Amino acid sequence: VTLRVRLTVSILVALFVSFDVAAGLAWWHAARSVRRELTAAMEVGQQLVRSRIDDLAHSGDPARDLAELVRSFDGERHITASLDRPGGTAVSHPLVSDISVPAWFVRLVAPAMPPVRVALPPSVDGVIVMRAEPANEAGEAWAALGDSAVELLVFSALAGLFTLTTAGRALRPLARLATALDRVGPGNYGVRMATSGPPDVARLTDGFNRMGERLAAIETQNRRLNEQLLTMQDEERADLARDLHDEVGPFLFSMSVGCAAIDSLVGSGDIAAVPAQLGLLREDIGHVQKHVRAILRQLRPAVPLTIGLEAAIADIAEFWRARQPDVTFRLSVAGVLDGVPEAAQETAYRVVQEAISNAVRHSQARVIDVTVVSEAAGLSVRVADDGIAVPPTANEPEQPGFGIEGMRERVSALGGVIATGRPGTGHDGWVVTSFLPAPAINTSSMTGAC
Ligand SMILES: Nc1ncnc2c1ncn2[C@@H]1O[C@H](COP(=O)(O)OP(=O)(O)OP(=O)(O)O)[C@@H](O)[C@H]1O
Ligand SMILES: [Mg+2]
């Protein structure tokens, strides 16, 4: 049952009870008034009759006096007098009320008053009977009651109408609140309510609006956190793929080259050189094991450049020189690398590592130049070879790999740029240039070779 219906029923019951109480009180007042009036009228009437009967002793025509006595009650509102004697009867005519009153009401308010018989002296014989006539008094009470009832009904109707209108208006914001809550339930947190109505209802709508704002803020925050989580997951996976590629890929390639070399040594009967190649193979396997273990341990194979960028690049050259003795590596570093942020150094290291790896694998290069320039604007890295385009061999995958993409991702993560490709149409060789912006790098210069 809705609150509005409950309120309506309560008001109707209250009005009904009030009406009953008012009707009961009105009846009580009317009955008391009718009894008082009739009793008084009967007493006065009896006194009059008795004094006239006393006068009969000196009357010359008692029968005529008695008839006059009865007639003197004509037009009385509350009593009738009737004469009953052997010589004849007579009855007075009471005033007939012009108010029509229902018989049940007369019975309801009229007291049970037995007729009063006043005996006449033996000389005239007979009796005068006095009867109470409640119709007139009851009529007056009925008329008064009718007026009160109309007043009460009008009052009740107006009060009920006013209360229901007021309650309806006060409850309207609650209905709007319920509708708004229904919409918020499925997640529509943008719903707002106009603040109106009495202060307590306005407090409710205010509270609702604050709740909506809070929910919307929490939802936005959750969505942002989810997006961050997904981005972090993607970044982690990309990092993992990149690190697998950079850490393991070159060694796998080197191992495949080593196996081919051993094959050819065995084929040409140069068994004495095989142990050296096997040593290199073992070294490669050791590296792969170390890196895979590190990846498994942390799923984050970052290798801190504990020995510095220049030495780390020299290590890369050393690594390949042992495997490709015919290739000449030239390293040039300008500027001081000490102040370069670690992240920039690591990225530069990875770019050089992949570019040299590509040069060795894809270009039959004779000379590979590595130039690193550290200046105020940032860190530049350039790796150039003099090789030619080599078609994929059995040792190489036919699909382009992830090396260049990985370099680009690393460089972009630091806000840098990278370009790879041939130095110009029709030219041999391959160049990788990259720039990592780093505002606070010392610009003093030094040059070295390896
Ligand atoms: N120095 C280079 N000389 C000639 N071609 C190159 C050179 N560097 C890259 N390329 C070409 O660019 C392609 C893409 O290089 P990338 O490093 O992205 O993949 P990949 O080396 O083939 O495989 P991965 O690096 O994933 O092991 C290479 O396959 C090769 O054809
Ligand atoms: Mg590559």
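The values are calculated or read from the model by the stated rules, or taken from the named source; none is laboratory data. Just so you know, these numbers come straight off a predicted model, no measurement behind them. With ideal geometry, Cβ positions are generated from the backbone for all residues, glycine too; neighbour counts draw on all protein chains shown. The area values use the complete protein model at the heavy-atom level, side chains included, leaving out ligands, DNA and RNA. Shrake-Rupley method; radii C 1.70, N 1.55, O 1.52, S 1.80 Å.
Summary table
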{"item": "The chain: angle of helix 403-413 to the longest principal axis, Cα-based, in degrees nearest 10", "result": "50"}
{"item": "Between helix 274-298 and the chain: long-axis angle, C-alpha atoms, 0 to 90°, nearest 10", "result": "10"}
{"item": "At R0 = 30 Å, FRET efficiency that the Cβ-Cβ distance of ASP428 and ALA294 yields, to 0.05", "result": "0.20"}
{"item": "Theoretical FRET efficiency, 1/(1+(r/R0)^6), r = Cβ-Cβ of THR166 and ARG210, R0 22 Å, to 0.05", "result": "0.20"}
{"item": "DSSP beta bridges in the range 227-380 [antiparallel fraction, %, rounded to 5]", "result": "30"}
{"item": "Chain lengthening between ARG71 and MET232 when straightened (0.36 nm per residue, less Cα-Cα)", "result": "46.0 nm"}
{"item": "DSSP beta bridge pairing in the range 298-383, given as percent antiparallel to the nearest 5", "result": "45"}
{"item": "Net charge, ASP284 excluded, C-beta distance under 13 Å - Lys, Arg +1, Asp, Glu -1", "result": "+1"}
{"item": "Gained length - VAL266 relative to HIS58, 0.36 nm times residue gap less alpha-carbon distance", "result": "56.7 nm"}
{"item": "Rounded percent of accessible protein surface that carbon and sulfur make up, the chain, 1.4 Å probe", "result": "59"}
{"item": "Per-pair calculated FRET efficiency, R0 = 25 Å: HIS29 and SER51 via Cβ, rounded to 0.05", "result": "0.15"}
{"item": "Between 0 and 90°, nearest 10: helix 309-323 axis offset from the chain longest Cα axis", "result": "60"}
{"item": "Proximal charge balance of MET407 [Cβ under 14 Å; K/R count +1, D/E count -1]", "result": "-2"}
{"item": "Rg/Rh ratio calculated on Cα atoms of the chain (Kirkwood radius)", "result": "1.78"}
{"item": "Karplus-derived 3J(HN,Hα), 6.51/-1.76/1.60, for each residue of the range 180-187, Hz, glycine and proline x", "result": "5, 5, 4, 7, 5, x, x, x"}
{"item": "Fully extended contour minus Cα-Cα distance, from ILE404 to ILE218, at 0.36 nm per residue", "result": "62.9 nm"}
{"item": "Accessible solvent surface per residue of the range 1-120, calculated while the other protein chains remain in place, 1.4 angstrom probe, Å²", "result": "64"}
{"item": "Shape category assigned to the range 226-283 from the gyration tensor of Cα positions, a/c cut at 1.5", "result": "prolate"}
{"item": "Alpha carbon convex hull of the range 57-162, projected area averaged over orientations, nm²", "result": "8.6"}
{"item": "Around HIS427: net Lys/Arg minus Asp/Glu count, Cβ-Cβ under 14 Å", "result": "-2"}
{"item": "Fraction of beta bridges assigned by DSSP in the chain that are antiparallel (%, nearest 5)", "result": "85"}
